[in-house]
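Here the structure is laid out as structure tokens; the discussion comes afterwards.
The values are calculated or read from the model by the stated rules, or taken from the named source; none is laboratory data. Note that the coordinates shown come from a computational prediction; the quantities given were computed from them, not determined experimentally. Because the Cβ atoms are built from the backbone with ideal geometry, glycine has one as well, and the counts that use them run over all protein chains shown. Just so you know, the surface numbers come from the protein's heavy atoms only, side chains and all, with ligands and any DNA or RNA stripped out. Shrake-Rupley method; radii C 1.70, N 1.55, O 1.52, S 1.80 Å.
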Amino acid sequence: MRVLVLGAGIIGVSTAWYLRKEGHEVTVVDRQADAALETSFANGAQISVSFCEPWASADAPLKVLKWLARDDSPLLFRPKFDPQQWRWGLSFLMQCSDSAFERNVRQLVALGRYSHESLKSLVAETGIEYQRLERGILHFFSTQRDLELGAAGAELMRRYGVDRQVLSREEVLNVEPSLAVFGPQIAGGTYTASDESGDARVFTQALVRRCQALGVKFLFDHDIEALLAAGGRVESARVIDRRSGQASVLKADAFVGALGSYTAPLLRPLGVALNIYPAKGYSATLRLKHPERASTVSLLDDSRKIAISRLGNHIRIAGTAELAGFDTRLDTPTARVRCEALVRRYEELFPGVADTSQPNYWTGLRPSTPTNIPYIGRTRLPNLWVNAGHGTLGWTHGAGSGRALAELISGRRPALDFGFLEGAGCAPVPARSHRVAA
Ligand SMILES: Cc1cc2nc3c(=O)[nH]c(=O)nc-3n(C[C@H](O)[C@H](O)[C@H](O)COP(=O)(O)OP(=O)(O)OC[C@H]3O[C@@H](n4cnc5c(N)ncnc54)[C@H](O)[C@@H]3O)c2cc1C
């Protein structure tokens, strides 16, 4: 079958890889000059199978209200006259209960496990190198109260078979000795040894080269303007070559929407109503002056909700979320405050370890759903498939999402308990969390 994959982020490229492995003829289209130049470019680098709790929880509404006025808050909601934003916000509120939280965690863990296994096999097969560190993820807390909440979260995750240990301050420092200077301000932590970190952009771009070697075609520098449907099926994608300005039409037997946050607006005219909203995040990448004093375990700093990952001789600090539409500017006052807060916090934790004079700032739009569960599966148009809405976990869930969708397109049911998007011809699914408008 000829499959056109729309979008060359971690999700689109992983999908292309597994589709090719299934024997399909695959073309990938993206507006950028290479893969992973948008949200998959400089994220927190964590393969975070075990730390996968969604933002929507019973105590989230109160926290978000408290943070409304703070430019440097971890989650910032900027109300706009945007029906999509309000629809998303209301759905998010409906997920803020203990029962919804548990239901969502169950699916996120299932997809995470499947994805981790898929990633490990893919890496073993291809030998791709991407600054991978298999040192686990350590979540540290600054107050006893937060540590107790973290311990309760660890207890919940253990129910799903996630081995998250609760650590005292001394144990935290044993796992990551480079935290010693900040040590007196740490109350304790939780740790999962099986999680990993690595550079999503480097991985994705290397996977493109492996895909090309297998015959996958990549059409970069092409804007996808619209999908053209007739007789209840998608017939083609209208694209414009950014360099020549020339328009053309690409035909295929099946189409996969893997455009991150931009999947929802592209599919909306076809009556496919995906509840994906962009959540703007930031990262700062710093060169290490003293690599020997920097962390190698990937970290989560609970008080600031930021991730810190080692990437060779650099350190990546990433986090915060702003629900303010499709805005990727780095030169706004809010962006400056948020970026500078990342560097300032790193300096508090690891004084003098990195060169903070030339931070490499970046921003990206997490394709967020109210549940944090992505849409994977078939839409109401039988040859239009979706792999989008991976929110905070697209790198973690990339390989597994790509593999699962390739299996579905090939007529097989992936071996995991997950609420795949239903469409005519799909196998019945066990967990149901999303609906596409009729
Ligand atoms: C600050 C931050 C930290 C994060 N940290 C982590 C982490 O530690 N671990 C983790 O698992 N996840 C993390 N994430 C989430 C992860 O980065 C995303 O979920 C993931 O990158 C989404 O991948 P994607 O392929 O869906 O989207 P993208 O990477 O954005 O890919 C979509 C592609 O579609 C293309 N495109 C869009 N519209 C069009 C169009 N009209 N025409 C042509 N091409 C188009 C874009 O150019 C892009 O290449 C983080 C995100 C942020 C913002």
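Qualifying GluC sites (Glu not before Pro) in the range 95-174, where qualification requires a DSSP coil assignment and no more than 15 other C-beta atoms within 10 Å, comprise Glu129, Glu134. Put Lys305, Lys289, Lys217 in order of accessible area, highest first, and with a 1.4 Å probe you get Lys217, Lys289, Lys305.
From the largest down, the range 179-268 spans 64, 33, 26 angstrom on the principal axes of its Cα atoms.
The separation of the range 344-388 from the range 65-116, counted between C-alpha centres, amounts to 14 Å.
The portion of the accessible surface of the chain made up by carbon and sulfur, rounded to a whole percent, is 52 (1.4 Å probe; DNA, RNA and ligands excluded). For the range 81-137, the calculated P(r), taken from all Cα-Cα distances in 10 Å bins from zero up to the bin holding the longest distance, is 17, 28, 24, 23, 7 percent.
Taken one residue at a time, the phi angles of the range 89-97 give Karplus couplings (6.51, -1.76, 1.60, θ = phi - 60°) of x, 5, 5, 4, 4, 5, 8, 8, 9 Hz. Gly and Pro are set to x. Can you tell me how the range 128-168 classifies by the Cα gyration tensor, rounded, prolate or oblate, using a/c under 1.5 as the rounded cut? Oblate, because a/c is 1.5 or more while a/b does not exceed b/c.
Helical content alone sets the calculated 222 nm signal of the chain at -10000 deg cm²/dmol, taking -39,500 (n - 2.57) per DSSP H segment of four or more residues and averaging over every residue. By how many degrees, 0 to 90 and rounded to 10, does the Cα axis of helix 394-409 deviate from the longest principal axis of the chain? Compared with the principal axis, the helix lies near 30 degrees. For the Cα trace of the range 248-378, dividing Rg by the Kirkwood Rh returns an Rg/Rh value of 1.09.
Dividing the C-alpha radius of gyration of the range 210-261 by 2.2 N^0.38 Å, with N its residue count, gives 1.26.
Other residues lying with their Cβ under 15 Å from the Cβ of Trp86 contribute a combined charge of +2, Lys and Arg counting +1, Asp and Glu -1.
Mean projected area of the Cα convex hull of the range 78-234, taken over all directions, amounts to 15.5 nm². Each peptide in 79-88, 390-399 was scored by the mean count of other Cβ atoms within 10 Å over its residues; highest first, the order is 390-399, 79-88. Of the residues Leu62, Phe41, Trp88, the one whose Cα sits farthest toward the positive end of the charge dipole of the range 24-128, with +1 on the Cβ of Lys and Arg and -1 on the Cβ of Asp and Glu, is Leu62. For each pair in Lys63/Lys305; Lys217/Lys280; Lys251/Lys280; Lys66/Lys280, compute the distance between the two Cα atoms and list the pairs where it is over 22 Å. Going by Cα-Cα distance, Lys217/Lys280; Lys251/Lys280 fall outside the 22 Å limit. Calculation over all alpha carbon pairs of the range 1-80 in 5 angstrom steps from 0 returns a P(r) of 3, 12, 14, 13, 13, 15, 12, 8, 6, 3, 0 percent. Rg and Dmax over the alpha-carbon atoms of the range 1-156 stand at 19.3, 57 Å.
Across the range 185-197, computed HN-Hα scalar couplings (Karplus, 6.51 cos²θ - 1.76 cosθ + 1.60, θ = phi - 60°) run 8, 9, 7, x, x, 10, 9, 10, 6, 7, 6, 9, 8 Hz from first to last residue, x flagging Gly and Pro. How large, in Å, is the range 1-48 by the Kirkwood hydrodynamic radius built from its alpha-carbon pairs? 11.5 Å is the Kirkwood radius here. Taking Cα atoms only, the orientation of helix 333-349 departs from the longest principal axis of the chain by about 50 degrees. Across q = 0.25, 0.26 Å⁻¹, the range 37-94 modelled as identical point scatterers on its alpha-carbon atoms has Debye log10 I(q)/I(0) values of -1.14, -1.13, in the order of the q list. Take the chain with all the other protein chains still there, run a 1.4 Å probe, and you get 40 Å² of accessible area per residue. Solvent-accessible surface (1.4 Å probe) assigned to Leu173 amounts to roughly 40 Å². Averaging 1/r over every pair of different alpha carbons in the range 319-389 and inverting the result gives a Kirkwood radius of 15.3 Å.
In summary, the convex hull built on the alpha carbon positions of the chain has an orientation-averaged projected area of 20.0 nm².
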